[in-house]
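See below for the structure under consideration.
The values are calculated or read from the model by the stated rules, or taken from the named source; none is laboratory data. The model shown is predicted, which means the values in this text are computed figures rather than measured ones. Glycine also receives a Cβ, built like all others from the backbone with ideal geometry; neighbour counts cover every protein chain displayed.
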2 protein chains.
Amino acid sequence: MILEVADIRVLAGKEAEFEQAILRGLEQVISKAAGAKSWKVQKGIESPNRFLLMIEWETLEHHTVGFRQSPAFQEWRGIVGPFFAEPPVVEHFQVLG
Amino acid sequence: MILEVADIRVLAGKEAEFEQAILRGLEQVISKAAGAKSWKVQKGIESPNRFLLMIEWETLEHHTVGFRQSPAFQEWRGIVGPFFAEPPVVEHFQVLG
């Protein structure tokens, strides 16, 4: 299992709209993506326009190839992309221990 | 419940030693801290010297006051601090939805 962590900064004042959009995107797009096992959005306390999207994928390739090269990725970006203040920083992780 | 996320960069070549140290620190210090409910370390795939330490605290103050102002914090930093390439970026989050 691989954890995708996307560090997202949202346009000032657009946080509430983004929250609705990302929850809709998870339901509408991510929940149907092959290899997506679980997902969670964490909202920043010190930085209220910072969100960490965490998705557990079965393998790295389920995300980087299967999802990103599918039409679903464009649908996803269409839903959440308009709220990004800058391109999100996305990396992948493996649990230690 | 509050999620602490510490974004840690480890000195090049010290990753394996750090992995042992942080697992020991979690067992020896964090597992005994009041209000610490669960913890996980995620190791970077694209950035092998990047680690995300995630700790769920009962409240924000359990971390920022109870833990950071206790001698346990010095013990923890003594175990993991020597491997830091730079000061970790630490923020707190709340799950959305």
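Points to keep in mind about this one:
- Across region A:26-73, the qualifying residues are those that are under 13 Å from the mean Cα position of the chain (by Cα) and of a type in the set (Val, Ile, Thr), and the one among them that is surrounded by the fewest Cβ atoms within 10 Å (Cβ to Cβ) is A:Thr64.
- The residues of region B:11-25 that are crowded, with 21+ Cβ neighbours inside 10 Å and either within 9 Å of another protein chain (Cβ to nearest Cβ) or within 20 Å of A:Val5 (Cα to Cα) (or both) amount to a single one, B:Ile22.
- Count of region A:11-27 residues which are in a loop (DSSP other than H, G, I, E, B) and touching a Phe, Trp or Tyr at 6+ places or on another chain (Cβ under 9 Å): 2
- When A:Ile8, A:Ile55 are checked against the criterion of being part of a strand (DSSP E or B), closer than 19 Å to B:Ala6 by Cβ and more than 10 Å from chain B (Cβ to nearest Cβ), A:Ile8 stands alone in meeting it.
- Which numbered condition B:Gln74 misses (of (1) closer than 19 Å to A:Glu4 by Cα; (2) free of Cβ contacts under 8 Å to residues at least 40 places away in the same chain; (3) not acidic (Asp, Glu)): (1)
Per-residue answers, yes or no, for (1) assigned to a strand (DSSP E or B); (2) in contact with a Ser or Thr (Cβ under 8 Å, 6 or more places away or on another chain); (3) modelled with pLDDT of 95 or more; (4) facing chain B (nearest Cβ under 10 Å):
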position	(1), (2), (3), (4)
A:Ser31	no, no, yes, no
A:Ser38	yes, no, yes, no
A:Val41	yes, no, yes, yes
A:His63	no, no, yes, no
A:Gln69	no, no, yes, no
A:Ala72	no, no, yes, no
A:Glu86	no, no, yes, no
A:Phe93	yes, no, yes, yes
